[in-house]
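The values are calculated or read from the model by the stated rules, or taken from the named source; none is laboratory data. Fair warning: this is a prediction, and the values are worked out from it, not measured in the lab. Here the Cβ is made from the backbone with ideal geometry for all residues, glycine too, and neighbour counts use every protein chain on show.
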Amino acid sequence: MNNQSSNFTMSQKTKMHPWQNDTLFKKIFRDKKELVLLCKGLTGQSNIKEDDIHITTLKENNAIYVQVRNDLSFIIGTDILLVEQQTNPNPNMPVRQASYYFNTLSELFGNAVFHLPKKQQIPRLILITFVNGDPKKIPKETLTLSDMFYKTNNTNNKQGQLKINVRYQNYIEVYVETIYLNNPANIEFLNQIPSLKGFATFTKAVKDYGKQGYSKEESVEKAIDYTINQNLLVDILLKEKEGVKTMVMAQITQEEWDTCNFQEGLQEGITEGLQKGITEGQQRERRKLIEAVLDVLSNEEIAPRFGLSIEEVEEIRKQKQ
């Protein structure tokens, strides 16, 4: 593949951040051989090489003290792909993914360059979110930023829109392609990326064993053996079995497992509670659960699971310190 990254100029070299706070997903695609396969599957290009890929994953805090850690981003040619992995569907991904993109541009170019009179060329973004399981019984959907805008009752109100090519359009739009990994229609796609198929198989197996009544440790152990027996993720699961077990179990506390059965139904329960009115005792229990996961999950991960804003989670984090 012809590397076109020289078509735009960056003011500083792309940072190769250390891989800390790994999830299994990030650990798998830390291997550039696996990343090449992911690239080929997502782009449909067959001639991608390791040297064509420049990793740009964020690992630092931004200026307003909100921790920004995306799962995976990389430049290939003149495009930048930002790929996120989620346990449950999250309608807020257009905002999250857009924030990752703009933070990445700041790291790549520096902020000062965008104050210069010369137009800068920047990589075109492609936003992908993988969701474990098949919760909506659809293979994929497109989330849009405009779906998150406040709705107005005045259908003729064009404020907040521009007339472009005889059509009124929003000043900004963001599209995120959301792929539900375990939907049967995605089998052919997953077959092109064995490591992603292995990840989907493993995460589904952990949930399935949890539903059968196994403990968290037993479910992870059995899911590892099951995935290996499917001839998937064999190298990483055999060579680093104990490390993978520790990593996966650290991502969900025992309280979450026992209370929420591996988080499935958590959001439904929160929604129902909000609709019926949460009692003071339930609020205390929810607060305990939130505090229990503060050390293993980011504010952005906690907020949608508990029906809170990121600011509310940050306030709980400050109060606990």
Q | Entirely in region 143-198, the strands (runs of 3 or more DSSP E) that have 1 or more residues that are over 18 Å from the mean Cα position of the chain (by Cα) and surrounded by 12 or more Cβ atoms within 10 Å (Cβ to Cβ) | A | 161-164, 167-170
Q) Hey, among 23, 43, 78, 56, which residue is among the hydroxyl-bearing types (Ser, Thr, Tyr) and modelled with pLDDT under 90? A) 23
**Q.** Only one of 146, 99 that is in contact with a strand residue (DSSP E or B) (Cβ under 8 Å, 6 or more places away or on another chain) and assigned by TED's automatic domain parsing to the domain that holds residue 175
**A.** 146
Q. Across region 96-131, what is the total count of residues that are modelled with pLDDT under 95, of a type in the set (Val, Ile, Thr) and in contact with a helix residue (DSSP H, G or I) (Cβ under 7 Å, 6 or more places away or on another chain)?
A. 0
Q.
Regarding region 69-76, can at least one residue be identified that is in a loop (DSSP other than H, G, I, E, B) and of a type in the set (Ser, Thr, Tyr)?
A. no
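Looking at residue 255, is it of a type in the set (Asp, Glu) and either touching a His at 6+ places or on another chain (Cβ under 9 Å) or modelled with pLDDT of 75 or more (or both)?
no
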